[in-house]
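**Student:** Questions regarding the structure given below will be posed in turn.
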Amino acid sequence: MDAIILFVMVLVLLFLGLPVGISLGLSSILYITFISADSLSSVAISLFGVGQHYTLLAIPFFILASAFMSTGGVAKRLINFAIAGVGHFRGGLAMASVLACMMFAALSGSSPATVVAIGSIAIAGMRQVGYSKEFASGIIANAGTLGILIPPSIVMVVYSAATDVSVGRMFLAGVIPGLLAGFMLMLAIYVVARIKNLPAEPWKGFGNIVSGGKEAGWGLFLIVIIMGGIYGGVFTPTEAAVVAAVYSMLIALFVYRDMGPLKGIPWVAETDSAIARVGFNGSVYGVSFFLVWMIMSFFATAQSETTSVGERAAWGLGMSLVIALFYIYKRGKDLDASMLRCLGSGLPVWSRNLVAVGRCFFPAMLGGESRKVILDGTKTTVMLMFIIANALLFAHTLSSERIPQMVTEWMLGAGFNWFTFLIAVNVLLLIGGQFMEPSGLLVIVAPVVFPIAMALGVDPIHLGIIMVVNMEIGMITPPIGLNLFVTSGITGMSLAQVVKAAMPFVAVLFVFLILVTYIPWLSTFLPYSIMGPELITK
């Protein structure tokens with residue numbers, strides 16, 4: 001009966017129009033004050049514990065990395081790379097939009113950020129070549145949900161914090177399901193495109209794919225840094241989030257130059273000679289390879305005591321020099337210029353750019369655009385952490401009243417097995433996802449269903465992926481689907497129009513949910529193979 005009172009208070013506060021975070025926190029405080037035997041001091045302890053939770057510290061830094069990577073330039077490069085790869089298929093531009101969402105999801109960890117960054121460019125592009133606004137909007141709204149499934153994922157961090165499972169294993173578990181979900185959406189687009197005779201982009205050859213990959217490479221390398229650093233044993237997921245935030249800032253300000261005082265200033269000026277361009281480009285390839293080699297080899301040999309930094313640097317310098325000289329030889333031969341002349345001509349280009357970076361370093365880091373991005377990221381962090389803090393307080397109240405244990409005993413006594421239990425979890429989350437923000441809902445539901453899942457033999461990592469996929473679907477179902485509101489905002493369509501446009505592709509995600517729910521291998525293969533099974537100690 002007491003549990004019913006607690007949930008009724010939450011629902012009443014929600015229907016009165018109070019924000020989700022306040023509804024959860026206020027109902028918990030009222031329940032502890034007037035009904036529970038628990039001490040009111042537990043409220044302060046629970047809220048203080050949120051700020052001390054090491055895993056949750058990853059969230060603000062992943063949000064900040066997403067904010068810097070959400071610049072138009074990064075998204076545009078990803079879309080061009082995706083078009084080069086799949087644009088020549090029937091409906092290729094729509095398929096490229098899904099592929100771009102998958103790549104951006106691996107940079108941001110946020111569904112709304114993915115919809116904004118990719119959708120604001122891709123929807124306009126699809127409209128120009130003959131796609132209807134409804135079709136384009138439906139695709140982006142659904143593909144944007146991959147932002148919380150493909151690692152790194154903020155929602156996975158929240159689940160890990162709520163259940164004390166490994167963030168690293170959760171990230172690995174999302175790789176195969178994320179790729180499968182993207183493939184299923186692209187397959188559905190291809191079928192529709194064949195039926196409706198949608199346009200295809202002309203095939204421009206593998207050179208265009210290579211060119212697109214080079215343009216998007218520095219952004220995509222963030223994936224390597226995060227995943228390689230975590231699974232190479234170099235840093236924890238929380239430390240990886242910090243590295244991602246710093247890397248994203250440097251790439252946006254000084255490499256891509258999409259913002260800050262260097263915005264719009266190319267690395268190579270139109271006045272530079274062809275010989276200088278060849279020398280500079282060749283040396284850039286050499287330097288880039290050396291940096292990538294040192295980072296990758298560090299990840300691969302971090303646990304080794306036999307490989308020194310000097311050995312890695314010597315190998316890297318040798319290979320980098322070969323790559324740079326080979327490029328200069330091939331390109332310089334057409335200009336009838338020696339390699340030394342090309343290299344010498346490229347030095348002034350390096351000098352000009354390095355001086356510009358040095359002169360603008362602090363103005364760029366502390367300038368107005370950087371401060372705005374950091375402020376926006378901070379606002380998002382405060383909003384999300386406020387919801388999580390109150391949801392954790394609500395979860396504490398549930399635990400102190402032994403509500404999860406009572407639910408577990410009831411379900412086991414009612415004859416639930418793992419199959420029927422997962423059906424119940426999906427129904428619960430699909431309904432809850434229509435009314436609550438994913439992170440807050442996970443923090444509330446996970447502590448309740450987790451002990452039941454353990455008692456029934458459901459793998460904790462598998463359960464986490466099931467819950468994340470349900471959160472995906474919740475983000476595109478009314479009335480509180482975040483992706484629906486974001487898509488409506490960037491397209492100018494009404495919410496009802498966006499819902500109607502998204503529904504056909506939601507059916508694909510429902511099929512995907514069934515596959516993920518009842519084929520545990522999709523979630524557990526990678527984490528089991530690389531890190532071993534998750535061990536539950538409490």
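**Student:** For the stretch 389-419, which positions are more than 22 Å from residue 54 (Cα to Cα) and under 31 Å from the mean Cα position of the chain (by Cα)?
**Tutor:** Residues satisfying the conditions are 398, 404, 418, 419.
**Student:** Please verify whether residue 25 is touching a residue at least 12 places away in the same chain (Cβ under 8 Å) and at positive phi, treating the condition exactly as stated.
**Tutor:** The answer is no for residue 25.
**Student:** Hey, another quick one. Restricting the stretch 424-437 to residues that are open to solvent by 10 Å² or more (accessible area, probe 1.4 Å) and in contact (Cβ under 8 Å) with a residue 24 or more places away in the chain, which is farthest from residue 22 (Cα to Cα)? If you could, list the steps in order and put the result at the bottom.
**Tutor:** Within the stretch 424-437, the first condition is being open to solvent by 10 Å² or more (accessible area, probe 1.4 Å), and the residues that meet it are 424, 426-428, 430-432, 434-437.
Imposing the further condition that a residue be in contact (Cβ under 8 Å) with a residue 24 or more places away in the chain reduces the set to 426, 430, 432, 434-437.
Details: 426: 26, 430: 22, 432: 17, 434: 18, 435: 15, 436: 13, 437: 13 Å.
So, considering only residues that are open to solvent by 10 Å² or more (accessible area, probe 1.4 Å) and in contact (Cβ under 8 Å) with a residue 24 or more places away in the chain, the one farthest from residue 22 (Cα to Cα) is 426.
**Student:** Look through 412, 428 and report the one residue that is more than 18 Å from residue 156 (Cα to Cα), assigned to a helix (DSSP H, G or I) and modelled with pLDDT under 85.
**Tutor:** Matching residue, one of 412, 428: 412.
**Student:** Only residues that are part of a helix (DSSP H, G or I), under 25 Å from residue 224 (Cβ atoms) and open to solvent by 70 Å² or more (accessible area, probe 1.4 Å): list them for the stretch 262-286, please.
**Tutor:** Scanning the stretch 262-286 gives a single hit, 285.
**Student:** Sticking with this one: Taking the condition of being within 43 Å of the chain's Cα centre (by Cα), closer than 13 Å to residue 277 by Cβ and open to solvent by less than 70 Å² (accessible area, probe 1.4 Å), how many residues in the stretch 325-341 meet it?
**Tutor:** Summing the residues that are within 43 Å of the chain's Cα centre (by Cα), closer than 13 Å to residue 277 by Cβ and open to solvent by less than 70 Å² (accessible area, probe 1.4 Å) in the stretch 325-341 gives 3.
Rundown of residues vs (1) assigned to a helix (DSSP H, G or I); (2) loosely packed, with under 15 Cβ neighbours inside 10 Å, yes/no style:
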residue: 165; (1), (2): no, no
residue: 204; (1), (2): no, yes
residue: 208; (1), (2): yes, no
residue: 214; (1), (2): yes, yes
residue: 218; (1), (2): yes, no
residue: 229; (1), (2): yes, no
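**Student:** Could you run through the stretch 6-51 and say how many residues are open to solvent by 50 Å² or more (accessible area, probe 1.4 Å), assigned to a helix (DSSP H, G or I) and closer than 19 Å to residue 438 by Cα?
**Tutor:** 5
**Student:** Return yes or no: is residue 513 within 24 Å of the chain's Cα centre (by Cα) and more than 30 Å from residue 409 (Cα to Cα)?
**Tutor:** Criteria not met by residue 513.
**Student:** Go through (1) over 30 Å from residue 7 (Cβ atoms); (2) modelled with pLDDT of 85 or more for residue 332 and report which single condition fails.
**Tutor:** (2)
**Student:** Here is a further query. Return the residues of the stretch 155-210 that are more than 14 Å from the chain's Cα centre (by Cα) and among the β-branched types (Val, Ile, Thr); say none if nothing qualifies.
**Tutor:** Result: 163, 165, 176, 189, 191, 192, 195, 209, 210.
The values are calculated or read from the model by the stated rules, or taken from the named source; none is laboratory data. The model shown is predicted, which means the values in this text are computed figures rather than measured ones. Here the Cβ is made from the backbone with ideal geometry for all residues, glycine too, and neighbour counts use every protein chain on show. When the accessible area is computed, the model is the full protein with side chains, heavy atoms only, and any ligands, DNA or RNA have been set aside. Shrake-Rupley method; radii C 1.70, N 1.55, O 1.52, S 1.80 Å.
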